[in-house]
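Below is one structure, written out as structure tokens; comments come after it.
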Amino acid sequence: MEVLSLVGGSLLFATFDLLLKKLDGYLSGQLRNSKEEVRVQVESWKTLLLKIITVLKYVEDNQVNKQFVESCFDDLRNLAYDMEDLLEEFAIDATRSKLIAKSKASTSKGQKVKSSLKSLFRSQAKPNGQSNSMVNHLNVILQRIVREMSIFGLSDLAMGADISSRKDAFRYESEFLRDPMCGRDSDKRAILDRLLEDGGTLEQDFVIPIVGMGGLGKTTLARLIYNDEKLNGRFDLKAWVCVFNMFDVAQITEWILEVVTKERHELENFALLQEKLKVELSGHKFLLVLDDVWDMEYGQWDVLKRPFMSGALGSKIIVTTRNMNVGKMMRGDDGVYNLELLQDDACWPLFTQSALGIGNFDVHPKLQDVGEKLVKRCNRLPLALKTLGGVLQGKLYREEWENVLNSEIWRSSNDNRGIFPTLRLSYNCLPVHLKRCFAYCALFPKGYEVDKEKLVLLWMAEGLLQQQSHEKKQLEEEIGHQYFKELLSRSLFQQSSGVQSQFIMHDLLKDLAVDIAGEIYYNLELSMGDEKLKKARHWSFTPKCHFDLSNQILHDFLPSLKCLRVLSLCGYKISKLPDCFENLKYIRYIDLSGTRINCIPESVGSLLFLQTLLLSGCGELAKFPTTIGNLIDLYYLDITDTPSLKGMPLGISNLKNLVKLSTFIVGEASGMMRLSDLKYLSQLQGRLSIVNLKNVLDVQDAKEADLDKIHGLEKLVLEWTTSNNDRDELVPEIQVLNWLKPHSNLKSFKISCYGGKTFPNWVCDPLLFLNLSSMELSNCKRCTLLPSLGLLPVLEKLIIKGMWAIKAIGSEFYGGQDCFPSLEELVFENMLNWKEWTSPTGSEGEFPFLRRLVIKNCPKLGQLPNKLSSLKELDVRGCNVMVLKSMGDCILLASLKIEKISGLT
């Protein structure tokens, strides 16, 4: 119970602080014009909440009267969640009434809309008696808490204290995002040397186990080695798999295969899985990291490693584990790399870099003696040093450091290594707005790679992101990304070794999140029992493999979840959802990505507060609900890779809060959005793909789309059709493209399957593309002349592929002598008739900063340009040997990959 008081009480304060902010938001927003009795009731709750928050803050700051928190813990927790539910109930009622009122019109069509809306919302209406019952229930709990405050002598404090508690200033500095790894240089060199060895036999020398206790930095060290430049070009394949405490040979084999092939495999037969992996690795020199292996028997390892034997000599496997027996089983006593505690002289720079942004105390000498004592508390553990340093970020007064040194958490912990009290301090010292965001991560299993974008959307759905009144108005998603940066800067997340947007939480920090969250967050992997499940407000289950969820379970279970905010069925084998969403009106987030559904239930249109609808990879999805125009709060709609969808319903043009739309499908039938309807979505931001442009029947539609007025777009894809370009043009495609000029804020641009023979001049306009760093021209098979892309001032990456009609590339491509001033990566692929590549006349260096050049399946190309002096990586496949013979002086070349070169003997 001691820890509950220290940490659980802190979470309670964060919960009530957030609830008060929401209550203020409702009073000034959705409830502004609600019934008088509703506003009076909510105002009275606000007064009592202020008293409770004052007491919780006093208890947290002074670590006194902790018995009050213990006594009222269940009441306080239930009060916060039940009041939030009822506030949303009031807000939904007010929004619903407003929407129906707006639909009134004198025309018969307006009457029809009004009738439709009333019918849709009729089953949602809650009887007044039920609302009144919930109000009475909350009032009883509130009075009970007030009595407890009196018993513990806290009433006077609640009545007279200043409730304007100090606001934690948000602070984020980019230098804190660096992942310092001080004192491990010798470890890194030693393991790199072993990786670069090609001698010995494959079976004896290819495993390098890194063994050490939790918090030593095994994963961080492995990640730094995995990404080291010295390994560039040394391995044909690289893969990273987090194993954690579940050593299922079949499942791990499937994960490795997915990482290697970059696609999912639903092979139920384990033998077929192993054979497929064996084929993929055969003859290739690979580097595999098996991260965080807890336990394993020899028989399991013997089966798992069989496909690895097909790899080329020099292949390596790095294994990180806390279990010395695992390391010895894989490699024997001599082959294990035992990671030790940091040396004393390495602890200082790691701690001060995290706390002060510099490697010593030279600028802040008055903090040094306190810092020395804090460093000793960390017992030379890197994770403890980094997280404790994160606690002290932005704290430059000696008193603040002494408060951390003298915190009661050090005395309350039975852990003698210094790691758990340090981690608890890192949580307690979080600004209040971050505490529930951190606790929310208790829902994810250990070793789970969290996608940053999705996590922010989940926080948003749970109402954890709050606009600060003194700040300029921001999108909730922007606030969420700031929150995430703050947690990352405090070392509470680590960058994944795979996808750049994915992050992982150290398993000790995950344990802390579970402890903090208590019974509120229930993760099925933890097997906490039915009693705790009854008290849970958040529930999650993350299957380790593709999971078949029966329609019967969904139809029986889903309608009962009346308070559901988030529904994620991503990847489940389901084909139909029950049409029950009118009873699930609190839902703000639905993720059906990768399922087999063919339609969205009509009742989804009743979800007035739905913010996120993710449908990517739903290959059988053929239509939206006709009620989609009612989703007035919809912020993000993802329909990437949904080939069965043939257009966008007209109602989407009414969604004024829609900021993220993955794909705009130009419809081929009446009743669907035309390209010109894009003008109603000028608020869009981020990435947008406009597909099926072949369906544009009138150039005027392209002109009226006003694409250049969508200022928030950073990534744009224009796609005509994936079918053969030998098609009749109903409208000249160059005329359509001519009117689709984007705004100058664009950073990434792709044109695919365009059927014109040339491109409009704006495609290479340096004044338009002042911010463009990436461009791709793909499968424009009729095009005979490339635009002058060498004029683009900040273009760093250029991909040109599938341009079958291109025979020569010369001066028209460069646009002048001082061309491609920023280009670092250039890719040509599937240029089947390309024969000649010449340099611009008089140019001193047409690619002054080009680092990587890839040429694939260009069988007729005869030679490369002469001036590629900055090139570091060359990848040539499916070409003529003359390409290699024409290489000039590439003195910086560090990596050369060649494959299927005709004429090479």
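Things to note:
- GluC sites (Glu not before Pro) restricted to DSSP loop in the stretch 593-686 with at most 12 other C-beta within 10 Å: Glu668
- Each peptide in 311-320, 890-899 gets a packing score, the mean of other Cβ atoms within 10 Å over its residues, and the list from highest to lowest is 311-320, 890-899.
- Segments 506-515, 701-710 sorted - mean Cβ within 10 Å per residue, highest first: 506-515, 701-710
- The stretch 343-429, relative contact order in percent, only Cα pairs under 8 angstrom and at least six apart counted: 32
- When the pairs Lys262/Lys807; Lys715/Lys781; Lys285/Lys856 are compared against a 28 Å limit on Cα-Cα distance, Lys262/Lys807 fall above it.
- Nearest-20 debye value, the stretch 287-348 charge dipole, Cβ charges on Lys, Arg, Asp, Glu: 420
- Dipole of the stretch 757-905 [Lys/Arg +1, Asp/Glu -1 at C-beta], most positive-end residue of Ser839, Phe828, Pro793: Phe828
- In the stretch 606-697, the trypsin sites (Lys or Arg not before Pro) that fall in loop regions by DSSP, at most 14 other Cβ within 10 Å: Lys656
- Between the stretch 853-874 and the stretch 593-646, the Cα center-to-center distance that results, in Å: 45
- Using a cut-off of 29 Å between Cα atoms, the listed pairs Lys709/Lys867; Lys435/Lys679; Lys218/Lys376 include Lys709/Lys867; Lys435/Lys679 as exceeding that distance.
- Listed peptides 785-798, 136-149 by packing density, highest first (mean Cβ within 10 Å): 785-798, 136-149
- Percentage of interatomic Cα-Cα distances in the stretch 343-429 larger than 18 Å: 32
- Positive-end residue, the stretch 248-400 charge dipole about Cα centroid, Cβ charges, pick of Cys347, Ser310, Leu273: Cys347
- Gyration tensor over the Cα atoms of the stretch 185-338: the corresponding equivalent ellipsoid has semi-axes (square roots of 5 times the eigenvalues, largest first) of 23, 18, 15 Å.
Only the coordinates and a few stated rules stand behind these numbers; no lab work does. Please read these numbers as outputs of a predicted model, since none were measured by experiment. Using ideal geometry, Cβ is built from the backbone for each residue, glycine included, and neighbour counts are taken over all protein chains shown.
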